[in-house]
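One structure below.
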Amino acid sequence: MNKKVLQTLEFYKIIETLAQCATSDAGRGFCEKVKPLKDFSQIEKNIKETGDGLTRIFKYGEISFAGITEMVPYAKRLEIGSSLNAGELLLVAQLLAVTKRAQGYGSTDARGNEIFDSLTGYFDELSPVDSLYKEITRCVLSEDEIADDASVALHGIRRAKHRANEKIRTELNAMLSKPSVRDCLQDAVVTTRGGRYCLPVRAEYKSVINGMVHDQSSSGQTLFIEPMAVVALNNEVRELELQEKEEIAKILKDLSLQVEEHIEELKQNYYLLSKLDFVFAKAVLAKKMEGSAPKIKEGGAVILKSARHPLLDANKVVPISVTLGEEFHSLIITGPNTGGKTVALKTVGLLSLMALSGLYIPAKDGSEIPLFTEIYGDIGDEQSIEQSLSTFSSHMTNIVHILDGLKKKNGYSLVLFDELCSGTDPNEGAALATSILEEVHNFGALCMATTHYAELKLYALSTKDVENASCEFDVETLSPTYRLLIGVPGKSNAFAISKKLGLSDDVLQDAKERMDETDKSFDHLFVDLEQKRVSMEKEAEDIARQRKEAEELKHLLSQKMDKLELQKEKILREANEKASNILQDAKNNADAAIRNINKYGDMNPDMSKLEQERAKLGKKLKNTQSKSVQPVNKPNHKAPAAKDLHIGDGVKVVSMNLTGTVHTLPNAKGDLEVQMGIMHTKVNISDLILLEETNPYAKPTKKQRKAGIAKGAGAFNKSATISAEIQLLGMTVDEAIVTLDKYLDDAYISHLGQVRVVHGKGTGALRSAVHDFLRRNKIVASYRLGEYGEGDAGVTIVTFKE
């Protein structure tokens, strides 16, 4: 691939972004070498590895390869017998630590199952060399410290050295405790000079302290003297230090030999980790760009679905969809300046380069890129109307180079022209541009070109295998939408923009009259095409919306059918259980009758007793039949008038056998919304019964009080009007418990077997308080949360004791 197009399409910025995703210098080195490939199998392999890396990141999180170090320089030093220092050995241990961590990341998933993908081979070839890692970390504590137990000899030397140092400090402290010595010192401290313990003695008292002078202060007033009493001990310490140094050298040499034994494994680990870092850097880039795997094919069309330019803000860039190479091989893009023509051009070119480099592209799944042998581009960023001849010459030189390249190469190429043949006489430029496009088309290359020439729009309309396109522009807001419209030629919109900016109608009318009839008819054609396009898009949007609504209704209907099926199964199951119980009772009665007949069969039967047994059996059968055959109550109620309903009125929904309150007034069709506990549903007024009293604990109206007195009030009136449901929504815990306590007593007295307590879901505090109260209540046999259709966790069903 020619380097000029890589620079023109800003491919190197993608590489810089990719390198920032790597976690090691070696991985960044791999990233910086990425370039478009021509080997089909290698490109597919690279894309597959990127995809597998992205899958692992989504499943197990990102992995870092920071801390790996190149082993080749160490190998060369070890070959000539040199030893590694402590810091270098620690870098070897760090490489092994990263290897161990990477091997664990790539071995099994969260369930312990082995992972098999295109990266498994890299992970399997890693060699952590645990024994070497443990030996290095045991012996080397830091770059400047070797562990005492690195060897037995080192341990002994350091113990002897410690004892000698203790003796020296003891001797010197004894001297400091003597007044005669302390008076001779500049400071009563013990210091060191040249690794030997000394005392800071005043210069005038140097003859008092018997010893060796090692140093003096800058003023000459203090001499650092090693007392003769510790000279022998200091000598012993120096000898031990030399032995320690020799022993450390032996330890480092031994560790270096162990490293040399495994140097090939270490070099392989470094390469594999670098390669994996590169693969996961591509995966991280794909994740950041929300990219997808492009399908690479030999020949064919460029198919980009909702493609975004990777260097623009993902939250602002407008995606484009392009198909080039199926119905047409050349695409002519026209439209006003700053409308997005050049961005569309660069998007196609840059995403093609990324795909051929084994990278994911910022586009939707299903995008396809042919295996181009070459991509050419003549794209200038300067879009001034004042272009000099030198600019035209520069572009023409580049175009000549492109045409020469197409002649020499026997492959599949993509050619991108930005403002083709601009900067010269419009008539000559349009003619040149048309001939160049025809030449490129004859070479069999795919081509995209941007232009303002109307002649090229006509060329696209009249030439097979060539298509118009435009970048949409909103005349009302004087701003581009950046949408790429295939099959629609663009307009400069000069008149509309000028009028919007305040240019007088006289000037605009004069300008229009100066246009020839061909230009006018051509302009009217574009306007007509644009209006038809907008109309078709609106119709498509309406169809899509209606289709979505239909899908939602279908889904809702499916849910209702599933619910009905469950209810049907429940009813059948309960019916079967009741039938089974009835049959069992009948069998038990029959068995009892047979036993009695057998009992009286061999003797003179007492006819009165037999008659009593017969009557008793008949009574049981009659009771059993009354239980098995329940009368069906036909819906027979008078629906309230719309004027009689008010928000907050209590109603009963007949079809659901639930009570609730009116939430909205009926519309023209009689539909309104009713709140039933935590359920909020739309019903028709014909399905409602208006209740006289919605809450037995609400303050009664004057009419209700009179009705209560007329009926005798008291417990009889309450038992007749008590509801099987109580609403606690909106109450505090204390208010709710007091209300619930009184309600349960009244419901129990009224012989209700089961009631429904609506407390809502919320934070769960009210529900917990209600359950605690029910657990301690003596009249409650059991309670449970509501099931699906009963209110779920917002309702508690309470059953009383018999």
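Couple of notes before you dig in:
- Near pairs, Cβ below 7 angstrom, 6+ apart or cross-chain, from the range 304-317 (closer than 16 Å to Leu359 by Cα) to any residue that is modelled with pLDDT under 90 and surrounded by fewer than 16 Cβ atoms within 10 Å (Cβ to Cβ): Arg308/Ala314
- Among the residues here, Val322 does not qualify as closer than 23 Å to Ala66 by Cα, in contact (Cβ under 8 Å) with a residue 24 or more places away in the chain, of a type in the set (Val, Ile, Thr) and open to solvent by less than 20 Å² (accessible area, probe 1.4 Å).
- Each residue in the range 55-76 was checked for being under 24 Å from Asp144 (Cα atoms) and at pLDDT below 90, and 1 of them qualify.
- Any chance Lys275 is in a helix (DSSP H, G or I) and either open to solvent by less than 50 Å² (accessible area, probe 1.4 Å) or in contact (Cβ under 8 Å) with a residue 60 or more places away in the chain (or both): yes
- Members of the range 747-767 that are among the polar types (S, T, N, Q) and open to solvent by 60 Å² or more (accessible area, probe 1.4 Å): Gln754, Thr763
- Any hit, the range 398-405, residues being loosely packed, with under 15 Cβ neighbours inside 10 Å and among the β-branched types (Val, Ile, Thr): yes
- Criterion violated by Ser24 - all others in (1) open to solvent by 20 Å² or more (accessible area, probe 1.4 Å); (2) touching a residue at least 60 places away in the same chain (Cβ under 8 Å); (3) under 23 Å from Ser107 (Cβ atoms) satisfied: (1)
- Note on the range 497-524: residues that are on the phi < 0 side of the Ramachandran plot, modelled with pLDDT of 70 or more and among the small types (Gly, Ala, Ser) amount to 3.
- Qualifying residue in the range 27-34 (condition: in a helix (DSSP H, G or I), closer than 16 Å to Leu276 by Cβ and out of contact with any Lys or Arg (no Cβ under 9 Å at 6 or more places or on another chain)): yes
- Check on Thr50, under 29 Å from the mean Cα position of the chain (by Cα), touching a residue at least 40 places away in the same chain (Cβ under 8 Å), crowded, with 20+ Cβ neighbours inside 10 Å and not in a loop (DSSP other than H, G, I, E, B): yes
- Some residue of the range 119-132 being open to solvent by less than 70 Å² (accessible area, probe 1.4 Å), more than 30 Å from Ala283 (Cβ to Cβ) and assigned to a helix (DSSP H, G or I): yes
- Flag: Glu244 does not match the condition of being over 30 Å from Ser367 (Cα atoms), out of contact with any Pro (no Cβ under 9 Å at 6 or more places or on another chain), open to solvent by 40 Å² or more (accessible area, probe 1.4 Å) and outside any loop (DSSP other than H, G, I, E, B).
Conditions (1) closer than 15 Å to His395 by Cα; (2) open to solvent by 30 Å² or more (accessible area, probe 1.4 Å), marked per residue:
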| position | (1), (2) |
| --- | --- |
| Gly411 | no, yes |
| Gly429 | yes, no |
| Thr434 | no, yes |
| Leu446 | no, no |
| Thr451 | yes, no |
| Glu455 | no, yes |
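- Options Glu374, Glu368, Glu382, Glu386: the member that is under 24 Å from Thr434 (Cα atoms) and at pLDDT 85 or above: Glu374
- Checking each residue in the range 224-241 for being under 16 Å from Ala174 (Cα atoms) and either open to solvent by 80 Å² or more (accessible area, probe 1.4 Å) or part of a helix (DSSP H, G or I) (or both) picks out Met228, Ala229, Val230, Val231, Leu233.
- The requirement of being of a type in the set (A, V, I, L, M, F, W, C), closer than 21 Å to Phe800 by Cα and at pLDDT below 80 is not satisfied by Ala747.
- Matching strands (runs of 3 or more DSSP E) fully within the range 296-359 where at least 1 residues are farther than 27 Å from Leu37 by Cβ: 330-334
- Residue check, Lys250 closer than 30 Å to Ser151 by Cα and in contact with a Ser or Thr (Cβ under 9 Å, 6 or more places away or on another chain): yes
- Number of positions in the range 58-79 that are of a type in the set (Val, Ile, Thr) and not in a loop (DSSP other than H, G, I, E, B): 1
- Filter pass, Lys643 being modelled with pLDDT of 50 or more, open to solvent by 70 Å² or more (accessible area, probe 1.4 Å), more than 50 Å from the chain's Cα centre (by Cα) and of a type in the set (D, E, K, R): yes
- For first residues located in the range 206-223 and in a strand (DSSP E or B), partners that are of a type in the set (Gly, Ala, Ser) and lie 6+ apart or on another chain with Cβ distances below 7 Å form the pairs His214/Gly194; Thr222/Ala203; Leu223/Ala203.
- In the range 80-95, the residues that are polar (S, T, N, Q) and part of a helix (DSSP H, G or I): Gln94
- The C-beta contact set for the range 135-156 (first residue farther than 10 Å from Ile248 by Cβ, second residue of a type in the set (S, T, N, Q), distance under 8 angstrom, 6+ apart or interchain) comprises Glu135/Gln258; Glu143/Asn85.
- Restricting the range 192-210 to residues that are modelled with pLDDT of 85 or more and surrounded by 15 or more Cβ atoms within 10 Å (Cβ to Cβ) leaves a set whose member that is farthest from Ala232 (Cα to Cα) is Arg202.
- Residues of the range 63-93 that turn out to be among the polar types (S, T, N, Q) and farther than 20 Å from Lys275 by Cα, as a count: 3
- Some residue of the range 101-118 being aliphatic (A, V, I, L, M), exposed (fewer than 15 other Cβ atoms within 10 Å of the Cβ) and either part of a helix (DSSP H, G or I) or modelled with pLDDT of 90 or more (or both): no
- The sole residue among Ser535, Ser558 that is at pLDDT 70 or above, within 30 Å of Gly487 (Cβ to Cβ) and either surrounded by 10 or more Cβ atoms within 10 Å (Cβ to Cβ) or hydroxyl-bearing (Ser, Thr, Tyr) (or both) is Ser535.
The values are calculated or read from the model by the stated rules, or taken from the named source; none is laboratory data. If you're wondering where the values come from, they're calculated on a predicted model, not measured in any experiment. Because the Cβ atoms are built from the backbone with ideal geometry, glycine has one as well, and the counts that use them run over all protein chains shown. Protein only, heavy atoms only, side chains kept; ligands, DNA and RNA dropped before computing areas. Shrake-Rupley method; radii C 1.70, N 1.55, O 1.52, S 1.80 Å.
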